[in-house]
Each structure stands twice: as C-alpha cells, then as structure tokens.
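Worksheet: one structure, shown below.
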Amino acid sequence: MSDVILRVSGEVASPQAMTYEDLASLNAEFQIPDVSEFAPSRNGRAVWLQGILDAAGATERAKFLGLHSSHDNFHASIPLTEVRERGFVIYQCNGEPLPREKGGPARFFIRDHAQCKTDEIDECANVKFVDHIELTAEKGFDNRPEDEDEHAKLHQKEQS
Ligand SMILES: Nc1nc2c(c(=O)[nH]1)N[C@H]1C(S)=C(S)[C@@H](COP(=O)(O)O)O[C@H]1N2
Ligand SMILES: [Mo]
C-alpha cells in the first residue's frame, strides 16, 4: 500500500488520508495534466482544490483553508472563497511522484497569485511539501514571513 501524502481534516464531512493514487484517481474533470497552463514556468500534473474539497465534503462552516507543511514547519491560512476555484495541488512531474526539490510529494499552488506579501493570497501561500489541509471557520495558524527581513531569511534557508 502506498503512503499517505495528504490529510484533509477540520470542517469536512469525511476526513481524508490521501495517497498519490488517490489524488491521481480523482475525477478527470479536476485533473490538470499540464500545470504550465496555469502556472507559467512550472510543470507537472495537478488536481484542482475543488476535487479534494468535494472528496472530503467541505461543510458550510469552512471559511479558511489551512495549508500545513510538517516537513519544514511552514503554515498558511487563507480565505477559502478566494482560492476555491484557483488553488491546485501539484503531485506529479515527468510521470513520477513530485520530488522533494520541487516541493513534493504535494505542493499547493494558486493560479494568478499576488506577489509576496501584497495580499492574503500571495506567492508565499504556495505551500511546498503540504501534508495537511485543514478547513476552519476562523483564520488559523499562519507563519508566512511578515517583513522583508524574514522573507529574505526564508529564501536564504530554502537555497542552502
Ligand atoms: N513548505 C514551505 N513552503 C513554502 C515556503 C517555505 O519556506 N516552506 N516558502 C514560501 C514562499 S515565501 C514563497 S515566495 C514560495 C516560493 O516558491 P518557489 O520556491 O517554488 O519559487 O514558496 C512558499 N512555500
Ligand atoms: Mo514569499
């Protein structure tokens, strides 16, 4: 059996523990065979957030999308309505599970995201190594960089 790469919990009717195969077998209408269509200069295969939310049955109370990476303790919590139809999870590249150096095994991405720190829905919310999606009624934990300094440090860490 394959490893669970993405859990979905919180304001959902049926919490999920999804493997690579689970993501790949979500309905074809939710699959993005080539993400470069929505994320220029990125490649790979993804699934729209909506497909994941449907599988879990997001409740009416769900207002924020929590994106957690336990790999490097990076977290974002963003308004759900604004990303419902713009967010996707990249899980494959060149026919293989998305490698760690590309933010795998699962990487969140927002179509037409704003530049870092200019909006709630910014590039910083494109959480890499995302292993837990948590739907909440109120804004949850978020440790995205708050100023230039923190941001610069983070990118330095990413490159080392
Ligand atoms: N897990 C995790 N995801 C992360 C980060 C991080 O440090 N850890 N940095 C964020 C920030 S600040 C930015 S701008 C983008 C950069 O994505 P890229 O490395 O694919 O260009 O990833 C975001 N996702
Ligand atoms: Mo960022």
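Out of 117, 128, 157, one residue alone is under 22 Å from residue 44 (Cβ atoms) and in contact with an Asp or Glu (Cβ under 9 Å, 6 or more places away or on another chain). It is 128.
Of all residues in the stretch 1-26, those that are open to solvent by 30 Å² or more (accessible area, probe 1.4 Å) have Cβ atoms under 6 Å from Cβ atoms of residues that are basic (Lys, Arg), 6 or more apart or on another chain, in 11/61; 17/7. Would you be able to tell me the number of residues in the stretch 90-131 that are more than 8 Å from ligand 1 (Cβ to nearest atom), of a type in the set (Gly, Ala, Ser) and within 21 Å of residue 52 (Cα to Cα)? The number of residues fulfilling the criteria is 3. For the stretch 36-95, a residue qualifies if it is within 27 Å of residue 137 (Cβ to Cβ) and basic (Lys, Arg), and the qualifying residues are 61, 63, 84, 86.
Filter the stretch 27-48 for residues that are of a type in the set (A, V, I, L, M, F, W, C) and free of Cβ contacts under 8 Å to residues at least 60 places away in the same chain; which is surrounded by the fewest Cβ atoms within 10 Å (Cβ to Cβ)?
Quick first cut of the stretch 27-48, residues of a type in the set (A, V, I, L, M, F, W, C) only: 28, 30, 32, 35, 38-39, 46-48.
After this cut, where a residue has to be free of Cβ contacts under 8 Å to residues at least 60 places away in the same chain as well, the list is 28, 30, 32, 47-48.
Numbers: 28: 8, 30: 18, 32: 20, 47: 24, 48: 22.
If we take residues in the stretch 27-48 being of a type in the set (A, V, I, L, M, F, W, C) and free of Cβ contacts under 8 Å to residues at least 60 places away in the same chain, then 28 is surrounded by the fewest Cβ atoms within 10 Å (Cβ to Cβ).
Tell me, which strands (runs of 3 or more DSSP E) lie completely within the stretch 68-160 with 2 or more residues that are within 16 Å of ligand 2 (Cβ to nearest atom) and surrounded by 20 or more Cβ atoms within 10 Å (Cβ to Cβ)? Give the steps one after another, and end with the answer.
Values: elements: 74-79, 87-93, 107-110, 132-136.
In the stretch 68-160, the matching strands (runs of 3 or more DSSP E) lie at 74-79, 107-110.
The values are calculated or read from the model by the stated rules, or taken from the named source; none is laboratory data. Nothing here was measured: the structure is a model prediction, and the numbers come from that model. Reconstructed Cβ throughout: ideal geometry from the backbone, glycine too, with neighbour counts over all protein chains shown. The area values use the complete protein model at the heavy-atom level, side chains included, leaving out ligands, DNA and RNA. Shrake-Rupley method; radii C 1.70, N 1.55, O 1.52, S 1.80 Å.
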